[in-house]
Amino acid sequence: VPIKRDLSKRHLNVPEYFAKNVDRILNFEGRDDDTYVVTQPKCGTTWMLETAWLVLNDFDFEKGSTTILQDRAPYLEFNTNNKRFESKMNTLNILKELKSPRLIKSHLSASVLPTDLWKKKSKVIYVARNVKDAFVSAYHFWTGIGVISISIEEYAEMFLNDRSILHPFWEHSLEFYEMRNEPNIYFTSYERMSKDLRTVIKDLCVFLGKPIPDEIILDEAERHLSFESMKNSLAGKLLQEAENSNNDFFIKNSLKEKFEFLRKGKVGSFKKELSEDIIRKFDEWEERKLKVAGVTREELY
Ligand code: A3P
């Protein structure tokens, strides 16, 4: 095992659909050429999956804008009876049938990702995001698909106490940050993607062993990956529809009419949504956690 992992750190607040399948996921049969995109929810998973998919698939813009991302990059631990998966029952079976090289989405922390990932040195792309935007995005998402029905202040209390789904927040990102120099890990952030997507694309080409394409393709890739085109393409519409159907899985009929999966797509959108009091609590929390870890905000995101 190339990377030291503490298996006692199964500290994740996992939803039932994962907990039921923990052993099947740990024993999931990996392949040497698997690529994982690992994130916490709402930290840029979809954006990075689309970016990595393009790099792995010779920048096939046509397929990327017309076929649903969930089929191109299945969600490892989402073993559900969700309508979309009825025919095949669960994503582990879908992944088994998927052609190599596979692109796999996961929100799991290092300790509960499949053992094969570490043995076979599959590649992992990790995306971190600043905590306040991640929080605001998560609030709208969980509310939108009907998982929670509480005020933003109440959700802040949950989040700040690591009682939100798939937390603890800091430990998740910091664990991968510590592994950032491992040859099979590429660590980046939503903020870096927003600031300089081109560099991230080029880095990924190197990381995934692909040639860096010419400038014209890179221009097209940036257009393809823009918030507007990912939201408005056929693939974007299919993605939205599939996310809406989460609602059948969680709480029926609570879907807000205007739930938008690609919501704002900005850095700093928390400023318009959070009170000074909540901002202060998040800043204090962040400062305390990063100080203990000896990491600066800029290093992390
Ligand atoms: P906001 O809610 O702040 O808009 P995830 O894919 O991990 O669920 O993350 C979702 C967040 O990424 C949402 O953030 C969404 O709008 C943003 N996002 C998705 N695609 C994007 C893109 N192409 N450009 C910028 N942001 C994007």
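Read the figures in this text as sums done on the coordinates, not as results from a lab. Nothing here was measured: the structure is a model prediction, and the numbers come from that model. For neighbour counting, all protein chains shown are included, and Cβ atoms are generated from backbone atoms with ideal geometry for every residue, glycine included.
Observations, loosely collected:
- Residue-wise HN-Hα coupling along region 36-43, computed from phi with Karplus coefficients 6.51, -1.76, 1.60 (Hz; x: Gly, Pro): 9, 10, 10, 8, 8, x, 6, 9
- Label-to-label distance, nm, for residues given as residue 271 and residue 178 (7 Å Cα→Cβ offset): 3.4
- Amide H contacts of residue 36 (H built 1.01 Å from N, under 5 Å, at least 5 apart or other chain): 104, 123, 124, 125
- Long-range Cα-Cα pairs in region 113-231 (distance over 26 Å), rounded percent: 38
- Distance between the 7 Å Cα→Cβ label points at residue 237 and residue 22: 4.3 nm.
- The convex hull around the C-alpha trace of region 179-301, projected and averaged over every direction, spans 11.0 square nanometres.
- Normalised by the number of residues in region 107-185, the average gap of Cα pairs under 8 Å and 6 or more apart makes the relative contact order 49 percent.
- Annotation: amide H-H contacts under 5 Å for residue 43 (H modelled 1.01 Å from N, sequence separation of 5 or more, or interchain): none.
- Long-range HN-HN contacts of residue 187 with modeled amide H, under 5 Å: 126
- For region 16-300, the relative contact order works out to 27 percent when only alpha carbon pairs closer than 8 Å and six or more residues apart are counted.
- Taking the alpha carbon gyration tensor of region 16-300, multiplying each eigenvalue by 5 and rooting it gives semi-axes of 26, 23, 21 Å, largest first.
- Packing, as the average of other Cβ atoms within 10 Å across residues, places the peptides 174-183, 187-196, 46-55, 271-280 in the order 46-55, 187-196, 174-183, 271-280, highest first.
- Cleavage-rule hits (GluC sites (Glu not before Pro)) in region 86-158: DSSP loop, at most 11 neighbouring Cβ within 10 angstrom: 86
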